[in-house]
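The values are calculated or read from the model by the stated rules, or taken from the named source; none is laboratory data. Here the structure is a predicted model, which is why all the values come from computation and not from measurement. Cβ placement follows ideal geometry from the backbone for every residue including glycine, while neighbour counts extend to all protein chains displayed.
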C-alpha cells in the first residue's frame, strides 16, 4: 500500500508489477522539480481500481513522483444523468516534465487503461486532467492551465483542498480552500467518500 497522506486514504498499488511507462524522448525542461496537481475520475468498469492503476502508472514514470493522493470521492455525473456516478480524486505530483509533456504522459496512462474518447462529459474508464502546474498560465490547442473548469467543480476542489488547501489558482488569485467555499453547498453536499 502507498503511504497516502495523513487524514487521506492511502492508495493501494496493484499486485502485479508495473513496468516503467515508456515515454520515448522525454522533454525535461524544468531545471528543478515542480509541483503539479492531477484530477482523476472514472465511472465505468471498476472505477476505484482504475484510479489506483492510474496512480501506479503515473508513479512508474521516471520523471513523475506521486506525493499525495486525496480521499476517493463518489459524486453524481456532470454530463448525461443516465450514467453511473463517478469516483474522483486529486493527486499532487513532483515532476521535471514540461506541462505539455506531463499532459502527454496523462494521455498515455489513459490509453493504457482503455480510455476511448467519446461523448463530452460522458461515461469513461479513466479521466486524467492536469489542473495546476507550478502556478503557470497557458492556453494552447492541447492544454489550458489552470484547468478552465476546475473552479466550478466540487469534485475537483474538495479533494484538492483536502491535500493542498493553499494550492493557488494563478488566474482567479484564490486558494483551493477559498474556491471550494464559493461552490454551491448542494454541489459540495453531493460528494461522498467512496468507501
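Below, the figures for the structure above:
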| item | result |
| --- | --- |
| Failed item, numbered, when residue 97 is tested on (1) under 26 Å from residue 170 (Cβ atoms); (2) surrounded by fewer than 22 Cβ atoms within 10 Å (Cβ to Cβ); (3) in contact (Cβ under 8 Å) with a residue 24 or more places away in the chain | (2) |
| Candidates 124, 117, 107 - the one that is free of Cβ contacts under 8 Å to residues at least 40 places away in the same chain, under 15 Å from the mean Cα position of the chain (by Cα) and either assigned to a helix (DSSP H, G or I) or more than 17 Å from residue 164 (Cβ to Cβ) (or both) | 107 |
| Selection from segment 65-83 of residues that are in contact (Cβ under 8 Å) with a residue 40 or more places away in the chain and either part of a loop (DSSP other than H, G, I, E, B) or farther than 23 Å from residue 165 by Cβ (or both) | 70, 71, 72, 76, 77, 78, 79, 80, 83 |
| Residues that are under 18 Å from residue 76 (Cβ atoms) and out of contact with any helix residue (DSSP H, G or I) (no Cβ under 8 Å at 6 or more places or on another chain), drawn from segment 32-43 | 43 |
| Flag if residue 90 is surrounded by 18 or more Cβ atoms within 10 Å (Cβ to Cβ), in contact (Cβ under 8 Å) with a residue 12 or more places away in the chain and touching a strand residue (DSSP E or B) at 6+ places or on another chain (Cβ under 9 Å) | yes |
| Filtered residues of segment 159-180 (kept if assigned to a helix (DSSP H, G or I) and either at pLDDT below 95 or in contact with a helix residue (DSSP H, G or I) (Cβ under 6 Å, 6 or more places away or on another chain) (or both)) | 160, 161, 176, 177, 179, 180 |
| Among the residues listed as 114, 140, the single one being at positive phi and modelled with pLDDT under 95 | 114 |
| Filter pass, residue 47 being surrounded by 22 or more Cβ atoms within 10 Å (Cβ to Cβ), in contact (Cβ under 8 Å) with a residue 40 or more places away in the chain and either more than 23 Å from residue 182 (Cβ to Cβ) or within 16 Å of the chain's Cα centre (by Cα) (or both) | yes |
| Of residues in segment 144-158 being in contact (Cβ under 8 Å) with a residue 40 or more places away in the chain and in a loop (DSSP other than H, G, I, E, B), the one surrounded by the fewest Cβ atoms within 10 Å (Cβ to Cβ) | 147 |
| Sole residue being modelled with pLDDT of 90 or more, part of a loop (DSSP other than H, G, I, E, B) and touching a helix residue (DSSP H, G or I) at 6+ places or on another chain (Cβ under 8 Å), chosen from 93, 61 | 61 |
